[in-house]
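The values are calculated or read from the model by the stated rules, or taken from the named source; none is laboratory data. Note that the coordinates shown come from a computational prediction; the quantities given were computed from them, not determined experimentally. Methodologically, a virtual Cβ is constructed for each residue, glycine included, from the backbone with ideal geometry; neighbour enumeration extends over all protein chains shown. The protein model used for the area step is the full one, side chains on, heavy atoms only, and it has no ligands, DNA or RNA in it. Shrake-Rupley method; radii C 1.70, N 1.55, O 1.52, S 1.80 Å.
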Amino acid sequence: MRLLTKTPLKFALLVVFVTVAGTATASAQDARIQTSQLDALTARASETVDVNIDAGLMQMTAKFLSSKDPDEAKVKDLVNGLKGIYVRSFEFETEGQYSAADLESIRSQLRNPAWAKIVNINSKKEDSVEVYLMHTAGQISGLAVLATDPKEFTIVNIVGPVDLEKLSDLEGNFGVPVLGIEYPKTKRRN
């Protein structure tokens with residue numbers, strides 16, 4: 001009799017544990033933005049950029065950067081600990097080659113509570129830029145930039161711990177375009 005009363009309790013605890021673990025896993029999101037839904041745009045684009053550098057490739061590439069060259073040393077320091085850099089860019093000959101639905105497929109991923117939009121520059125005639133940061137356990141664990149204009153759009157996704165003060169050093173390297181985003185320098189205390 002005692003065995004029968006413990007078994008339903010154990011079963012109920014197991015169900016609760018599996019449910020809680022499943023919920024925690026479902027709510028946690030990787031900082032990697034999925035862009036495969038944009039593959040169809042490649043045929044319409046006059047120029048495309050597709051950069052996929054995972055952690056292993058990034059660390060291997062960083063080995064070739066010189067620690068003696070100040071610029072290369074900065075980039076080497078910045079990529080240390082990153083899990084990936086992903087860039088998708090499409091340039092078109094004429095306007096109207098990509099739709100709001102194409103952009104929505106990216107923005108919908110950034111509506112997760114872990115992501116926060118920190119920059120939103122909107123222009124109907126010129127470039128628009130959105131910058132998002134992902135926070136995990138109080139630290140920045142990802143960055144996404146969506147830059148658009150009528151004939152072009154670019155998605156930059158950096159996965160891993162991002163130091164905002166050093167981020168501008170990454171522009172122009174590893175396929176990351178020069179975005180011109182500057183961050184204020186922190187003052188040193190004496």
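Data overview
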| item | result |
| --- | --- |
| Residues satisfying the stated conditions in the stretch 32-61, i.e. hydrophobic (A, V, I, L, M, F, W, C), open to solvent by less than 80 Å² (accessible area, probe 1.4 Å) and outside any strand (DSSP E or B) | 33, 38, 40, 41, 45, 55, 57, 58 |
| Residues (of a type outside the set (A, V, I, L, M, F, W, C) and modelled with pLDDT of 90 or more) located in the stretch 136-179 | 141, 142, 148, 149, 150, 151, 152, 154, 157, 160 |
| Options 78, 103, 82, 57: the member that is closer than 15 Å to residue 154 by Cα and not hydroxyl-bearing (Ser, Thr, Tyr) | 103 |
| Test set (1) crowded, with 17+ Cβ neighbours inside 10 Å; (2) at pLDDT 95 or above - residue 93 fails condition number | (1) |
| Cross-chain or 6+ apart pairs with Cβ under 7 Å, the stretch 124-149 first and within 19 Å of residue 106 (Cβ to Cβ), then of a type in the set (Lys, Arg) and open to solvent by 10 Å² or more (accessible area, probe 1.4 Å) | 130/117; 132/117 |
| Which numbered condition residue 60 fails, given (1) over 24 Å from the mean Cα position of the chain (by Cα); (2) modelled with pLDDT of 85 or more | (1) |
| Total residues in the stretch 75-89, condition of a type in the set (Gly, Ala, Ser) and part of a strand (DSSP E or B) | 2 |
| Test: residue in the stretch 117-130 that is open to solvent by less than 20 Å² (accessible area, probe 1.4 Å) and either under 28 Å from residue 46 (Cβ atoms) or among the acidic types (Asp, Glu) (or both) | yes |
| Residue check, residue 141 closer than 20 Å to residue 38 by Cβ, of a type in the set (Ser, Thr, Tyr) and open to solvent by less than 70 Å² (accessible area, probe 1.4 Å) | no |
| Residue in the stretch 99-106 that is in a strand (DSSP E or B), open to solvent by 50 Å² or more (accessible area, probe 1.4 Å) and on the phi < 0 side of the Ramachandran plot present | no |
